[in-house]
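Working notes, structure below.
The values are calculated or read from the model by the stated rules, or taken from the named source; none is laboratory data. Keep in mind that what you see is a predicted model, and the values were worked out from it rather than measured. Neighbour counts run over all protein chains shown; Cβ positions are idealised from the backbone, glycine included. Surface areas here come from the heavy atoms of the whole protein model, side chains and all, with no ligands, DNA or RNA. Shrake-Rupley method; radii C 1.70, N 1.55, O 1.52, S 1.80 Å.
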Amino acid sequence: MKTKKITLFIVVVTVLFYGCGPSQQNKNSNQINMKSSSTLRLIYPQWQGGIITSLVTEVPADDASRGYYLGSHLLNFLAPRNGQKTVEVPVSLDVNDRKVKNGINAYDVILQQTKDALSLLNENDPERIITLGGDCSASVVPFTYLAAKYPDDVAIVWIDAHPDINVPGDAYEGYHAMALAACFGKWDDEIIRAFPAKTEPAKALVVGLNEFDPGIDVRLEEWGVKSLHPAETVDNSNAVLEWLKGTGASKVMIHFDLDVIDPAEMIAAVGIVPGGMKIDQLLRVIRDISAEYDIVSLTVAEPMPRVAIKIKNILDELPLLKD
């Protein structure tokens, strides 16, 4: 069973990224249309946004906390390279530097890493961004950057079992659960003011929503954020495409949280939510969007490589390797 899960993880990431280059586009017009010559590959291994040790008990707590860091680099290793320039956001690995401030865990570290990520984007001035995270907050900087680059012409498709619209002051202080709300600029502090732009909630769609904290459904309605349950895209992507048509945007930013996938097919994230999207369903939705819209940002987030962490810990104890 473990072998099957690892194989499926490799397959979904590999299949997702094949076709990003122009040569693949010419071979198959249904491939994801991100032109490699103008696309930046952003390695963003931020892990401080998650408070997850109680959910990943198979490995030591510190390893679980930093698991997204290893997961981000694993995604980079697995994902095909199609000529994109690659840059990496420098991320602290200090597990002790996670002081809660302004209602956010590891606030000061996240603020610094946010500024570093923005500096990299400003320096490289990409037209499109592939982001390999990292916790869900890895999408916030590239999405707000591109919202400024393409004002009033971008929509967000947030493919996730969770809506990520928590805000400071909610019981959970993990920034990764606030990521989409941060894209909206829904509170005012130094992190939010660092972003070059924001997106209106009416231009964001949560696809695969299958779990949320009490009261979040009310917040979705109050903010005007539309959502689709996995069952609503089982047969086709019509609901997604109809919503996109209504936004008037020509460009789309896609966030893909690995926990949206049905755990009966694959467990590769922290969240294990039954009844999620099937892999073929997920890929079809993204490809159908790509066939009609310009995908300017694609994030893969929340990889939690439990088996890889265990293997690393074994390697750390082997003679010759350890000495």
Subset of the stretch 260-287 [open to solvent by 40 Å² or more (accessible area, probe 1.4 Å) and acidic (Asp, Glu)] | Glu265, Asp280
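Name the residue that is most open to solvent (accessible area, probe 1.4 Å), counting only residues in the stretch 65-82 that are assigned to a helix (DSSP H, G or I) and among the polar types (S, T, N, Q). Show your work before the answer.
The initial filter retains those residues of the stretch 65-82 that are assigned to a helix (DSSP H, G or I), namely 65, 67-78.
Right, trim to among the polar types (S, T, N, Q) and you get 65, 72, 76.
Details: Ser65: 5, Ser72: 0, Asn76: 25 Å².
Step by step, filter the stretch 65-82, then rank; the result is Asn76.
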Given (1) closer than 24 Å to Gly133 by Cβ; (2) open to solvent by 10 Å² or more (accessible area, probe 1.4 Å), number of the condition Thr233 does not satisfy | (2)
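For Ile286, indicate whether it is within 16 Å of the chain's Cα centre (by Cα) and among the β-branched types (Val, Ile, Thr). Lay out the reasoning, then the answer.
Values: within 16 Å of the chain's Cα centre (by Cα): yes; among the β-branched types (Val, Ile, Thr): yes.
The answer is yes for Ile286.
State whether one or more residues within the stretch 141-149 are surrounded by fewer than 21 Cβ atoms within 10 Å (Cβ to Cβ) and at pLDDT 95 or above. Don't jump to the end; show me each part of the working.
Within the stretch 141-149, the subset surrounded by fewer than 21 Cβ atoms within 10 Å (Cβ to Cβ) is 148-149.
When the remaining residues are screened for being at pLDDT 95 or above, the result is 148-149.
Checked the stretch 141-149: at least one residue is surrounded by fewer than 21 Cβ atoms within 10 Å (Cβ to Cβ) and at pLDDT 95 or above.
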Is it fair to say Thr247 is touching a residue at least 60 places away in the same chain (Cβ under 8 Å), open to solvent by less than 40 Å² (accessible area, probe 1.4 Å) and farther than 25 Å from Pro303 by Cα?
-> yes
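Pick out, from the stretch 99-200, the helices (runs of 4 or more DSSP H) lying fully within it that include 1 or more residues that are touching a residue at least 60 places away in the same chain (Cβ under 8 Å) and within 28 Å of Ile279 (Cα to Cα). Can you show your working first?
On the way: elements: 107-124, 140-149, 179-184, 190-194.
It comes to 140-149, 179-184.
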Within the stretch 267-288, the residues that are farther than 22 Å from Tyr44 by Cβ and of a type in the set (A, V, I, L, M, F, W, C) are Ile267, Ile272, Val273, Met277, Ile279, Leu283, Val285
